[in-house]
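Visitor: I have a structure here, written as structure tokens, and I will follow up with some questions on it.
Every number here is computed from the coordinates shown, using simple stated rules; none is lab data. In this text, all values refer to a predicted model and were calculated from it rather than measured experimentally. So basically every Cβ, Gly included, is an ideal-geometry build from the backbone, and we count neighbours across all protein chains shown.
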Amino acid sequence: KFDRKPLIAGNWKMNMDHVQGITLLQKLAWTLSDARHDYARVEVAVFPPFTDLRGVQTLVNGDNLKLVYGAQDLSPHDSGAYTGDISGQFLAKLGCTYALVGHSERREIHGEADALLNEKLKAAYRHKLTPILCVGEGLEVRQAGSHVEHTLSQLRANAAGLDAEQAARLVIAYEPVWAIGTGEVAGPEDAQEMCAALRAEMAVLFDESVAAGVRLLYGGSVKAGNAAAILNERDVDGVLVGGASLDAGEFANIVRFEH
Ligand code: PEP
């Protein structure tokens, strides 16, 4: 399983201005360096607001930090009359490795639909950003028992038209909406159930080797106290952390999960 390098990703959402962001990142880097964290073994990524990215780039390059960073969203377009949007081209130039696509807050608050998210995934690949596609069901779907079908249908719609090479680089985050920011965490077996289903679906959509290599994350109220149990599930290759990523010590403890 750990041929797939675990990825611990911190989504800062709309928190931390560019000054606070630098302080948080410095604290995180110091904590991990004190703990002699091996970045070759467990990858660490942060997702600051757009306005922080230039400062993050300067700090990461200046101090030769091994952690990587990405954007919380990107435009489906590359440039032009799209006021307020941010191009993947700009994000690549700022040294971003990743871009989140289809976070539930984008789907819900901004009404981002599957066809748009498919365009955003393709935009990320055009600029050599690795997309982290977020999928997952709301509470009503979970209670109706159709969470697996719901989540797989998001994957099918969002990943339509990708080639096998792109699919092999895709990261998918299963984030049950009822567990995001609510303190309610899915059980490790729920995370495993969905990640296994997503992996099997990747084999159907692409092929076995794509499915075996694709990295699958769980997100939803992950903290240092519950991370290890989730991360030790067979098909879970990492976590996407919101609230707990704003505390350097807590996030560092998630990074240092035992396996
Ligand atoms: C998220 O924003 O992706 C998330 C999982 O948030 P939280 O950890 O706060 O539930």
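Visitor: Give the residues of region 181-196 that are surrounded by 19 or more Cβ atoms within 10 Å (Cβ to Cβ) and hydrophobic (A, V, I, L, M, F, W, C), sorted by residue number.
Guide: Initially, region 181-196 is screened for residues surrounded by 19 or more Cβ atoms within 10 Å (Cβ to Cβ), giving 185-186, 190-192, 194-195.
Within region 181-196, V185, A186, A191, M194, C195 qualify.
Visitor: Sticking with this one: Out of everything in region 215-234 that is free of Cβ contacts under 8 Å to residues at least 60 places away in the same chain and either among the polar types (S, T, N, Q) or not in a helix (DSSP H, G or I) (or both), what residue ends up being farthest from the ligand (Cβ to nearest atom)?
Guide: N232
Visitor: When only residues in region 122-163 that are away from the ligand (no atom under 16 Å from the Cβ) and among the β-branched types (V, I, T) count, which is nearest to W178 (Cα to Cα)?
Guide: Step by step, filter region 122-163, then rank; the result is V141.
Visitor: Assess whether E250 counts as being assigned to a helix (DSSP H, G or I), in contact with a Leu (Cβ under 8 Å, 6 or more places away or on another chain) and of a type in the set (D, E). Even if it seems obvious, please write down each step before you answer.
Guide: Details: assigned to a helix (DSSP H, G or I): yes; in contact with a Leu (Cβ under 8 Å, 6 or more places away or on another chain): no; of a type in the set (D, E): yes.
For E250, the condition - assigned to a helix (DSSP H, G or I), in contact with a Leu (Cβ under 8 Å, 6 or more places away or on another chain) and of a type in the set (D, E) - is not met.
Visitor: On to the next question. Have a look at V141, V177, V148 and point out the one that is in contact with a Ser or Thr (Cβ under 6 Å, 6 or more places away or on another chain), farther than 21 Å from T97 by Cβ, surrounded by 14 or more Cβ atoms within 10 Å (Cβ to Cβ) and of a type outside the set (F, W, Y).
Guide: Values: V141 fails: in contact with a Ser or Thr (Cβ under 6 Å, 6 or more places away or on another chain); V148 fails: in contact with a Ser or Thr (Cβ under 6 Å, 6 or more places away or on another chain).
Among V141, V177, V148, only V177 is in contact with a Ser or Thr (Cβ under 6 Å, 6 or more places away or on another chain), farther than 21 Å from T97 by Cβ, surrounded by 14 or more Cβ atoms within 10 Å (Cβ to Cβ) and of a type outside the set (F, W, Y).
Visitor: Ok, one more. Taking region 199-211, which residues are in contact (Cβ under 8 Å) with a residue 24 or more places away in the chain and either surrounded by 14 or more Cβ atoms within 10 Å (Cβ to Cβ) or part of a strand (DSSP E or B) (or both)? Spell out the reasoning first.
Guide: Applying the first criterion (in contact (Cβ under 8 Å) with a residue 24 or more places away in the chain) to region 199-211 yields 199, 201-202, 205-207, 209-210.
Those that are in contact (Cβ under 8 Å) with a residue 24 or more places away in the chain and either surrounded by 14 or more Cβ atoms within 10 Å (Cβ to Cβ) or part of a strand (DSSP E or B) (or both): R199, E201, M202, L205, F206, V210.
Visitor: All but one of (1) touching a residue at least 40 places away in the same chain (Cβ under 8 Å); (2) over 19 Å from R156 (Cα atoms) hold for D190; which doesn't?
Guide: Among (1) touching a residue at least 40 places away in the same chain (Cβ under 8 Å); (2) over 19 Å from R156 (Cα atoms), D190 violates only (1).
Visitor: Now, a different point. So, of the residues in region 56-95 that are loosely packed, with under 15 Cβ neighbours inside 10 Å and outside any loop (DSSP other than H, G, I, E, B), which turns out to be farthest from the chain's Cα centre (by Cα)?
Guide: G62
Results for (1) touching an Asp or Glu at 6+ places or on another chain (Cβ under 7 Å); (2) free of Cβ contacts under 8 Å to residues at least 24 places away in the same chain; (3) among the charged types (D, E, K, R), shown as yes or no for each residue.
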site	(1), (2), (3)
H37	no, no, no
V42	no, no, no
F47	no, no, no
N61	no, no, no
Y82	no, yes, no
E108	no, no, yes
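Visitor: Can you pull out every residue in region 87-121 that is away from the ligand (no atom under 16 Å from the Cβ), closer than 25 Å to Y218 by Cβ and not small (G, A, S)?
Guide: L91, C96, T97, D114, L116, N118, K120, L121
Visitor: Hey, can you tell me all the residues within region 235-248 that are within 16 Å of the ligand (Cβ to nearest atom) and not β-branched (V, I, T)? Give the derivation first.
Guide: Within region 235-248, the subset within 16 Å of the ligand (Cβ to nearest atom) is 236-248.
Answer for region 235-248, where residues must be within 16 Å of the ligand (Cβ to nearest atom) and not β-branched (V, I, T): D237, G238, L240, G242, G243, A244, S245, L246, D247, A248.
Visitor: Look at A186 and say whether it is assigned to a helix (DSSP H, G or I), in contact with a strand residue (DSSP E or B) (Cβ under 8 Å, 6 or more places away or on another chain) and either within 10 Å of the ligand (Cβ to nearest atom) or within 24 Å of E108 (Cβ to Cβ) (or both). Break it down into steps so the answer makes sense when it comes.
Guide: Details: assigned to a helix (DSSP H, G or I): no; in contact with a strand residue (DSSP E or B) (Cβ under 8 Å, 6 or more places away or on another chain): yes; either within 10 Å of the ligand (Cβ to nearest atom) or within 24 Å of E108 (Cβ to Cβ) (or both): yes.
Judged against the criteria, A186 is not a match.
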